[in-house]
Each structure stands twice: as C-alpha cells, then as structure tokens.
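Notes follow the structure.
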Amino acid sequence: MSANDGDMKMRVIVVEGQEMRAPKEDKCCEYTLDGSVDIKGRPAVKGLSGGWLAGGLILVNQGLATLAFFGVNVNLVLFLTRVLGQSNGDAANNVSKWTGTVYMFSLIGAFLSDSYWGRYKTCAIFQAIFVLGLALLSVSSHLYLISPVGCGTEHAPCGPHSGKELGIFYIALYMIAFGNGGYQPNVATFGADQFDEEDPAEAHSKVSFFSYFYLALNLGSLFSNTFLSYLEDKGSWALGFWASTAAAATALLLFLSGTLRYRYFQPSGNSIGRICQVAFASCRNWKASASPGVQSLYESDEKADASGRKLPHTEGFSFLDRAAHADTDSNLGARDPWKLCTVTQVEEVKSILRLLPIWLCTILYSVVFTQMASLFVVQGAAMRRTTALPGFSVPPSSMSAFDILTVAATIFLYRRAICPFLARLTGRRTGPSELQRMGLGLVVGALAMATAGTVEHFRKTRATTAMSSDLHIIWQVPQYALIGVSEVMMYVGQLEFFNSEMPDRLKSFGSALCMMSMSLGNYFSDVIVSAVTKLTTSQGRPGWIPADLNEGHLDKFYFMLAVLAIADFAVYLLCASRYRNGKVDGRSNDVEKGTAGQVASLVYV
C-alpha cells in the first residue's frame, strides 16, 4: 500500500471514529480471482471495478440498443409493402432472411471478440456500425424513400424508387444487421464478466445478471412495439427511425462512459485455428492409443494461458485425446501445435461437442417462438380489433406487448419468490438448474402452440367475411403470455448455461450459439411453412395457411408445432440426462449432470 493509501485509510478511521472500518478499505483493494484486468491490463480491483455499477450501465445500454433495433424490426414488413411496394409474401420472406442474417453475423462478432479484439472493443466497434446504419436509414427515408410526402400509410403507398435509392436502403439495413448481430453475443458475456465467479456473492449476482439482461431487452422492445410501432403505422417512418438512431447513439455513449470501471478479459488468439489444430493433430496421431493414459497427455507447465484457466482431462471423445498424446522423446520445448496440443485445448473442443446436442434441441423451440412475430400477427389481423375508443383499433403487432409484460413479471417473480422457494425445497442455492428450466421452456412453448390452435379453431367458427371474425383479438393474450413464460425459461436458461459451460476462451461463442438457435429457427420456420403450404394445397383447395385464413386450417399447423415441440422435448430429456460438464482448475460449476462417465484428474507432464 502506498503512503497516500495509508493516509486515506487513516482519514477514514478518524472520520468514522472506529478502527473496525479499516478492513473494509482493505477489502476494496482486493483483486478479483477470475483473471480479469482493468483497462490498463492490471489485475482488476474488486472495489474499484465491475459489480452492479458496471453491470447496470450495460443493462441500460442493452435496453436502449434493443429499443433502437426493434424500432426498425417491428414494422419492417409494413415498410417494405407500403413504402417499397413489395408484395406480402416477398416482404415476409425478406424480413425473415434479414432477421436470420442478424443472428448469423453474431458468429463474426463472437470470433473477433474471443480471438483478437476482446469483448469491450468488439461491442464498441459493432455498436458504432449499428448507429451509422440507423442514421443512414433515417436520412435515406427522409430524403428519398418517403416520397411523396405523407405516403407510407395503409391507404397511401409510396411511389416507385430508383435502383440507387433501393441500394442505399439495403446498405443501411444490412449495416444495422451487421452492427447489431456482431454486438449482441458479446454484450451479455461482457456484462457477466463484471462479476467474479470465484466470489460467492458476486457469483450469485452473475447468475441474476442474465435474467435482468433479458428483462432490459424486453423493456426496450416494449417501447418499440407500442409507441414506435404506432408512429410508423401512421406513416411517421422517418421520425421513428430517428428515434431509434438517438436511442442507439445514447446507448453507445453510456457504454463508453464505463470504460474505466469495467473488468476485461484478454483475447486468446484464433479460436478456429485452435480447434483445427486439435482435429489435425488427432488425425496425425491416429496410431496412438485410443485412450492414452492421463500421464502421457501434454499440458503446459504454466499455471494458465494468457487468456483463460486450465481444463482438466475428462472421459469421452477419447479419439481427440490423441492430439495431446506426448511421447517421452518428444521435444516439448519446441512443440508443433499442429502435431501436439495441450489438454486444455483438447477439452475446449470436447466442451463444444458436448453442448451441440443440447443446442440442436433448442432450434425447434426457436421455430415455435418465431410464430409470435409472424403467424400470431396474421391471426390477430383476422380477428375483431375494435375498442371502446371511437376510431381506435388494436394493431395486431402490438399484442406482443403482453409477451413482454409477461417476461418482466416472470423474471421478477422467479428471482424474488419462486427461485428462493425452490432453492429451499431442493437445497440448491440457485434453484432449478439451467437444463431443467430449458426443458420447462420447451413444454410451455408446446402449450402455447396448443392454446393458439384452440383460439384459431374458435376464431374460424365465428368467421364472418374474408379474413375477419367476431372473436376479439383479446383472446390471443393467453398464447402471448405462455410464449413469454417459455422464453424466460428457455432463453435466460440458455444464456446462463452456455456462458457457464463454455471455456474462458470461448465465452462469446457460447452466446453466439444462443443467437444462432434463433437464426436457424427463423430459417426453419420458413422451410416448414413453405413445405406445409405446398403439401396441403391440392386440387384447387387452399392449404392450411392461405391468404384468407377463414379458408385454411391454421389451427392444424399450430397443433402440429405443439406435437413437434413435445417430440423435441423427449429428445432433449435424453440429451440432458447424458450431459456431463468438465471442471476448471479442479472446480466444477453447479450444473445438473448426467450419470455417464467420471471426471478424471489431470496429471501434467
């Protein structure tokens, strides 16, 4: 401690008048135990970095960024039809492709973050791209696309546009996709980095952070789905886009304001290269024993890499152990990483392979979740939407507000009441495991589809003219609410699970897997809808999902998705029961494990 630190400590004692206050000052000078550093690369000090002050900035940043993104996303299909003159089918397909592309870009952001830039730099750069894309969209809409002035409403579509104007629009649109996609998988992980998982109190806060992160995301989208949606539906497209731009710029400034307070983890180098090295080395060493003794596996003598803690050897995927098989005559001091890999490097690949079956089971849930932004809206448009207010009808897309409100209520109740009760009941501090919550999310998602199918059945029985019914849109509330409960269980659990199970050097990749699940859910939803429409349309009869829902069987489609979700749940149970995680530095995290295999102790050579 320096002289100045000592003076400060003495002043605290004099002011407080009791010596017992001194240890608190000492605690503020404790370093984190998880390897995090400050902006200058020095070990992070607990009292001066991270915690809820830094985490709170990231939560507000996420809420504003989500508001900005959904300010474009929520009514993009209407913009394409009313302003650009696209057909309903083309506009819906373009929105699905764009949304899927947003999540595909998450892999690029995760790779750059884990390998070269680190999470802070990656978040800052991609957020800047996101802001520029929104600004370009706002300018182009104001100057070129909303022409003539006042067009873009339901009864006043805009005129044709030149190729140059459309080119600027799509450049702006995909800049937004690139910026948001590259930012999203890193910001959640960066927020979790602000809590030291080796400190029991901070470790509990780290688990809670993901719930509050998802809450911030939904609160941001609530404003977009109500106020901005209403503005844009009335033709104020440029104003809505400028509001999104302002929110994104404010989010970026808030994020940068915490630079001196954040905790950082150093990037680890090319993660794809490390994975390829394991695959290549295991093939080169195919003559080695399929299950070499732990004593013959190579690990660096250093306590840890520059970027993460060591992983002990585990059973399973024994063919990959060949990559770390070291002969006694090997020159370890000048080893070729394409011929000999460390145990930690091999275990990173094993961690990914163990997670893949769980991840694959989440894709079908994303197909279920995607219906809320597509067929739920189409269904709502075919229901009675009048209200007690003269001249005001409920916009079908605004019904997603019930999903968002349910998400907020579920997170609050789960963290404040349900989780503590279940923790006392099960003896597990964090309550149900992530795997258990994800399974519950699949079941509730299937129930939501069954509910939507039931509502559609009764909607058709009260059908009047084409694409209309006497059944009021308020009957959609249960299906939106059930989707809200299911997404809290699935997506929050998924974020926590992948973040805790991924090795230190692949944390952002774990978050990217969550987004990839959503991306593939969008793509597979298009495939399933197209296939069902084609297979059920025959001999001049409309299929299950025609232009006029009164002539189709949307209820059967919903019931089919419910059955598929239950079948997916059965497969998920099998995968989850077989799942086993590894350990970090001899410590295992608190995750429900399967029964297969035992974790072996690591012996260094």
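The condition (being open to solvent by 30 Å² or more (accessible area, probe 1.4 Å), aromatic (Phe, Trp, Tyr), over 30 Å from SER393 (Cβ atoms) and part of a helix (DSSP H, G or I)) is satisfied by just one residue among PHE227, PHE210, PHE178: PHE178. Filtered by the rule that a residue be acidic (Asp, Glu) and either without any contact (Cβ under 8 Å) to a residue 24 or more places away in the chain or over 27 Å from VAL102 (Cα atoms) (or both), region 145-172 gives a lone residue, GLU154. Pairs are defined by a Cβ separation below 6 Å, a sequence spacing of at least 6 or placement on different chains, a first member in region 268-285 that is buried (at least 21 other Cβ atoms within 10 Å of the Cβ), and a second member that is charged (D, E, K, R) and not in a helix (DSSP H, G or I); the pairs so defined are ALA281/LYS339.
Does VAL95 count as in a helix (DSSP H, G or I), in contact with a helix residue (DSSP H, G or I) (Cβ under 6 Å, 6 or more places away or on another chain) and over 26 Å from ASP196 (Cβ atoms)? It is true that VAL95 is in a helix (DSSP H, G or I), in contact with a helix residue (DSSP H, G or I) (Cβ under 6 Å, 6 or more places away or on another chain) and over 26 Å from ASP196 (Cβ atoms).
Against the conditions (1) under 24 Å from the mean Cα position of the chain (by Cα); (2) surrounded by fewer than 17 Cβ atoms within 10 Å (Cβ to Cβ); (3) not β-branched (Val, Ile, Thr), ASP568 satisfies every one except (2). Under the condition of being over 29 Å from SER36 (Cα atoms) and of a type in the set (Lys, Arg), the residues counted in region 484-537 number 1. Go through region 354-394 and give me each residue that's farther than 24 Å from VAL527 by Cα, touching a helix residue (DSSP H, G or I) at 6+ places or on another chain (Cβ under 7 Å) and either open to solvent by 30 Å² or more (accessible area, probe 1.4 Å) or assigned to a helix (DSSP H, G or I) (or both). Within region 354-394, LEU355, ARG384, ARG385 qualify.
On inspection, PHE190 does not qualify as hydrophobic (A, V, I, L, M, F, W, C), assigned to a helix (DSSP H, G or I), at pLDDT 90 or above and open to solvent by 20 Å² or more (accessible area, probe 1.4 Å).
Mind checking which residues of region 402-432 are among the hydroxyl-bearing types (Ser, Thr, Tyr) and buried (at least 20 other Cβ atoms within 10 Å of the Cβ)?
THR406, THR410, TYR414
Out of SER433, SER366, SER397, SER318, one residue alone is on the phi < 0 side of the Ramachandran plot and at pLDDT 90 or above. It is SER366. Restricting attention to region 141-172, the residues being outside any helix (DSSP H, G or I) and surrounded by 14 or more Cβ atoms within 10 Å (Cβ to Cβ) number 7.
Just to verify a result, which residue in region 244-264, among those that are small (Gly, Ala, Ser) and touching a Leu at 6+ places or on another chain (Cβ under 6 Å), is surrounded by the fewest Cβ atoms within 10 Å (Cβ to Cβ)? So the residue we want is GLY258.
Among the residues of region 321-329, is there at least one that is in contact with a Lys or Arg (Cβ under 9 Å, 6 or more places away or on another chain), at pLDDT below 85 and within 22 Å of SER500 (Cβ to Cβ)? There is no residue in region 321-329 that is in contact with a Lys or Arg (Cβ under 9 Å, 6 or more places away or on another chain), at pLDDT below 85 and within 22 Å of SER500 (Cβ to Cβ). Only a single criterion out of (1) buried (at least 20 other Cβ atoms within 10 Å of the Cβ); (2) closer than 24 Å to MET372 by Cα is not satisfied by ASP114, namely (2).
Can you name every one of the helices (runs of 4 or more DSSP H) wholly within region 405-515 that holds 3 or more residues which are in contact (Cβ under 8 Å) with a residue 40 or more places away in the chain?
Once the helices (runs of 4 or more DSSP H) in region 405-515 are filtered for at least 3 residues that are in contact (Cβ under 8 Å) with a residue 40 or more places away in the chain, what remains is 434-461, 477-487, 493-501.
The values are calculated or read from the model by the stated rules, or taken from the named source; none is laboratory data. These numbers come from a predicted model, not from an experiment. So basically every Cβ, Gly included, is an ideal-geometry build from the backbone, and we count neighbours across all protein chains shown. For accessibility, only protein heavy atoms count, side chains too; no ligands or nucleic acids. Shrake-Rupley method; radii C 1.70, N 1.55, O 1.52, S 1.80 Å.
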